[in-house]
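Quick notes on the structure that follows.
The values are calculated or read from the model by the stated rules, or taken from the named source; none is laboratory data. Note that the structure is a prediction, hence the values are computed from the model and not measured. Neighbour counts run over all protein chains shown; Cβ positions are idealised from the backbone, glycine included. In case anyone asks, the SASA skips ligands and DNA or RNA and just uses the protein heavy atoms, side chains included. Shrake-Rupley method; radii C 1.70, N 1.55, O 1.52, S 1.80 Å.
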Amino acid sequence: MSCLTDRSRCVAYQECPRKRYYAYEYNGTGVVSSAVRPELLVGSAVHVGLEHLLRGASMEDALQHALVEWAKAGEQPLRPEFRVHQSLMEMLLRAFNSVGKEQLLAEYDIISLEEEINAPLGSGVTFMSRPDGVLRSKTDGRLYALSFKTAAQLSVQSVLDSAVSMQCLSEMWAIQQKYGEHPVGVQYVYLIKGRKSDG
């Protein structure tokens, strides 16, 4: 019998075993809230747009893919209060396309983007991982994981926490299992949204 797990399930179990059960296993699928959190929707849509930009799509094509992802959330994102979040999503993509993309591609070759990696943990358990990307440094030739983050602000503590996060460690491990080569680090790309109080 095969069992699948991933970072989100592991984190939920560490917080509370019952939380994992209700989120992922109850009735075979888990309980999912129908409410749409705009900040999470911005993050998921931006990730889709970033992937297409790095695959060579034009800014406008990447934005259209992001808007398709946005529309998957249903009717709620069409409400007026979501419009500012949709504009924010577009602004973040345009900022990366104007500045971040060129910097990233100057330093790294892209090995893969949004690749599904399933790695055996043993005893019939398979760990599912999907890093934002796998990069190879043009300077030292070594592998790096790519991780995009949309955040309200960037603090020293958040940078320190990211170095030992479950996401960082599990994605680097999965990449090593797939490519037989241990990544030496994670290239984080932060897209700062700002806080409501900043505006």
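Taking S165 as the residue in question, decide whether it is within 22 Å of G43 (Cβ to Cβ) and out of contact with any Phe, Trp or Tyr (no Cβ under 7 Å at 6 or more places or on another chain). If you could, list the steps in order and put the result at the bottom.
Working: within 22 Å of G43 (Cβ to Cβ): yes; out of contact with any Phe, Trp or Tyr (no Cβ under 7 Å at 6 or more places or on another chain): yes.
It is true that S165 is within 22 Å of G43 (Cβ to Cβ) and out of contact with any Phe, Trp or Tyr (no Cβ under 7 Å at 6 or more places or on another chain).
Hey, could you check segment 113-131 for residues that are part of a strand (DSSP E or B) and polar (S, T, N, Q) and say which is least open to solvent (accessible area, probe 1.4 Å)? Outline the logic, then answer.
Just the residues of segment 113-131 that are part of a strand (DSSP E or B), to begin with: 113, 117-122, 125-129.
Within this subset, residues satisfying the condition of being polar (S, T, N, Q) are 118, 126, 129.
Details: N118: 100, T126: 30, S129: 9 Å².
Looking at the filtered set, the residue picked out is S129.
Among the helices (runs of 4 or more DSSP H) confined wholly to segment 1-112, which include 3 or more residues that are closer than 28 Å to Y144 by Cβ?
7-15, 38-54, 59-71, 83-95, 101-107
Given Y190, Y179, which one is open to solvent by 40 Å² or more (accessible area, probe 1.4 Å), at pLDDT 85 or above, more than 16 Å from the chain's Cα centre (by Cα) and among the aromatic types (F, W, Y)? Spell out the reasoning first.
Values: Y190 fails: more than 16 Å from the chain's Cα centre (by Cα).
Only one candidate passes the filter, namely Y179.
Return the total of residues in segment 1-18 being open to solvent by 100 Å² or more (accessible area, probe 1.4 Å) and farther than 19 Å from F127 by Cα. Can you show your working first?
Step one: of segment 1-18, the residues open to solvent by 100 Å² or more (accessible area, probe 1.4 Å) are 1, 13-15, 18.
Applying the additional criterion that residues be farther than 19 Å from F127 by Cα yields 18.
Count: 1.
Give the residue, chosen from S44, S33, that is modelled with pLDDT under 95 and open to solvent by 70 Å² or more (accessible area, probe 1.4 Å). Show your work before the answer.
Working: S44 fails: open to solvent by 70 Å² or more (accessible area, probe 1.4 Å).
Step by step, each of S44, S33 is checked, and only S33 is modelled with pLDDT under 95 and open to solvent by 70 Å² or more (accessible area, probe 1.4 Å).
Determine, yes or no, whether K149 is assigned to a helix (DSSP H, G or I) and under 18 Å from the mean Cα position of the chain (by Cα).
Values: assigned to a helix (DSSP H, G or I): no; under 18 Å from the mean Cα position of the chain (by Cα): yes.
Answer is no for this residue.
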